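S.K.: Take a look at the following structure, please.
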């Protein structure tokens, strides 16, 4: 009995579609495009922390998602950042600590993992850095501009009505008073000591050891290992292998990245050159507006 050509064609079409879907889905997972795949290898999640840290929401969400994903055996936090806002850095640190209750976590330092980037790395079970990674910058900073003289030259004056003597502390319209400098210094010292506390606790170092190198200087990954800030020298692959080993996996593994969010038409418009420039300026302004765990070369 001859098979109906339409039915046969339909079956072949379904089979071909299944094969294409399988191959593309697997390729997407292995290249970081998805959360789950058909591969029998263990999966290690990679959460990137890149650029100046101004917000923690997306990174924290990615960390939580990997923590809840049963197919992920361990997570690597890939840090390539000079640091950023104090609160944002601390929130990512807390998210890594929460993830560590579910999965083994290894921090992988890229080209730079300084200040807030180092703070985040300290939350991991282990830290892996390249020998030439720029890290350190254990410090806190606030910067204030003073345009008083410029305003005088262009004939502009500022009038301020305030409820207290320190309400406009740090105003760019005038010089900071000695009393105000003392207040800001106390704030920075408190934030700095919070950073020191984290390193002392997580890296099992004494306070004098950390303070001796916690003067804002930067150093290489190799030097950081000598100081006890890094556990192992190596690249992302070495960090992933270590993460798998800590999780009890000694076989092959696939690296899985957080899925990219599908952009809308409005997103495409906002991603124009003008939009990128505006967001960059706004991000820097927000960063400089408060205290930062930030390395400024």
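S.K.: For a protection proxy built on the mean count of beta-carbon atoms within 10 angstrom, sort 128-135, 160-167, 115-122, 180-187 highest first, please.
M.R.: In decreasing order of mean packing, 128-135, 160-167, 115-122, 180-187 become 115-122, 128-135, 180-187, 160-167.
S.K.: A further question on this structure: With label points built 7 Å along Cα→Cβ from the Cα atoms of residue 207 and residue 149, find their separation and express it in nm.
M.R.: Between residue 207 and residue 149, the label points sit 4.1 nm apart.
S.K.: Still on this structure: Full extension from residue 250 to residue 158: what is 0.36 nm times the residue separation minus their Cα-Cα distance, to one decimal in nm?
M.R.: That pair, residue 250 and residue 158, stretches by 26.5 nm at full extension.
S.K.: Starting from 0.36 nm per residue, how many nanometres of slack lie between residue 168 and residue 64 once their C-alpha separation is accounted for?
M.R.: Full extension of this stretch gives 33.6 nm more.
Coordinate-derived values only; no laboratory data. None of the values given here were measured: they were computed from a predicted structure. Positions of Cβ are backbone-derived with ideal geometry, glycine not excepted, and every protein chain shown enters the neighbour counts.
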